[in-house]
Amino acid sequence: MEIVKVVIPAAGLGTRFLPYTKTMPKEMLPIIGKPAIHFSVQEAINSGIDHVLFITNRSKELISNYFDSAPDLDSLLEDKNKLHEVKDINHIIKTAHFSYIRQSSPLGLGHAVLMAKPFIGKEYFAVALPDDIIMGKKPALAQLIRIARQEKATVIAVQEVPHDQVSSYGVIRIKKQITPNLFQVDSLIEKPSLKDAPSNLAIIGRYVLSHKIFSSLEEISGYATNELQLTDAIAHMLQQNERVFAYKIEGTRYDVGTPRGWLKATVDLAMQDPLHKEDILQVVQKHTQIYIPTNQPLQKVI
Ligand code: UTP
């Protein structure tokens, strides 16, 4: 079973980053020198994907410029012996094909995925939300692709979240636990209250979907009153007796779709980079000093 295409929905408005997103796509926010969207594309390529479809809109042109070759810049950098600065992005550009479909208005994640229908055909395909950056030994999409091949079915990524946070996520109800990390899904509950949550396994932004998702999306779009939701379409597939699995992804996830998550990702990744670690520690030290009781040595507080 070949899974070689990924859909990257990037047509959201990014209102949580206003006023920045008045002119700039949130997908282009820098995370230590690379735009946020670079990470999910890199992850897809590291998972064996070779065709990337971005769902964009008229204000996201910077994304297509970033994933396009820039021969003038390359020759300039070559003259200055600095070609290594663009090594990673140039490798991505050489390895994959990039396509773009515009979503004319933000009618929801489900609607964005439905726009990919002509591009997919009858295959299984991956979906990666660029708001989620997942770092780990094994690329998150590769983990899902392995399970989708094994089960010949749709697989969604989940992670355990603290119980008091379940109401911010879509959560799965387990039908059967297959291994410590793999579950067959009974149903999905969108943003449940703590007392109604059937588990603390929250759906995160990685999926491998059967093409049958498109007929479910079309079917539910008839009675969707608000935005068309991807989780509602997966729930519809389950009602049609399609098998859906959830896999507990190994890796650290950063939600860079919120200013708080973006800041955490930036600081955490900078701390893992010898080039930046010392600067971050100095800033933290400066601020922690303010709160240090005078009788305590500094190093104990840090
Ligand atoms: P979000 O629900 O996080 O919405 O979208 P958003 O518009 O990006 O951000 P806020 O809430 O206004 O701050 C989840 C994913 O679905 C995509 C987004 O780009 C993001 O990757 N999306 C959402 C679309 O592509 N189209 C849509 O109509 C809605």
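Here are some notes:
- Helix-only arithmetic for the chain: the sum of -39500 (n - 2.57) across DSSP H runs with n ≥ 4, divided by the residue total, places the mean residue ellipticity at 222 nm at -10000 deg cm²/dmol.
- Spin-label model distance (nm) - K138 vs D186, 7 Å beyond Cα toward Cβ: 2.7 nm
- Extension reserve of the L263-T15 stretch, reckoned as 0.36 nm per residue once the Cα distance is removed: 87.6 nm
- Rough spin-label spacing in nm, given labels placed 7 Å along Cα→Cβ, for E250 and Q272: 1.5 nm
- Theoretical FRET efficiency, 1/(1+(r/R0)^6), r = Cβ-Cβ of L62 and H97, R0 22 Å, to 0.05: 0.70
- Full-extension gain in nm, I32 to A70, via 0.36 nm per residue minus C-alpha separation: 11.6 nm
- Point-to-point label distance, Q239-F119, nm (Cα→Cβ direction, 7 Å offset): 2.8 nm
- Note on D164/Q289: beta-carbon distance plugged into 1/(1 + (r/R0)^6) with R0 of 25 Å gives a FRET efficiency of 0.20.
- Estimated dipole of the chain in Debye, rounded to 20 [Cβ of Lys and Arg +1, of Asp and Glu -1, Cα centre]: 500 debye
- Using a Förster distance of 51 Å, the FRET efficiency for S105-E85 (Cβ separation, nearest 0.05): 0.85
Taken together, the values in this text are just the output of simple stated rules run on the coordinates, not laboratory data. These figures come from a predicted structure and were not determined experimentally. As a convention, Cβ positions derive from the backbone with ideal geometry for all residues, glycine included, and neighbour counts pool all protein chains shown.
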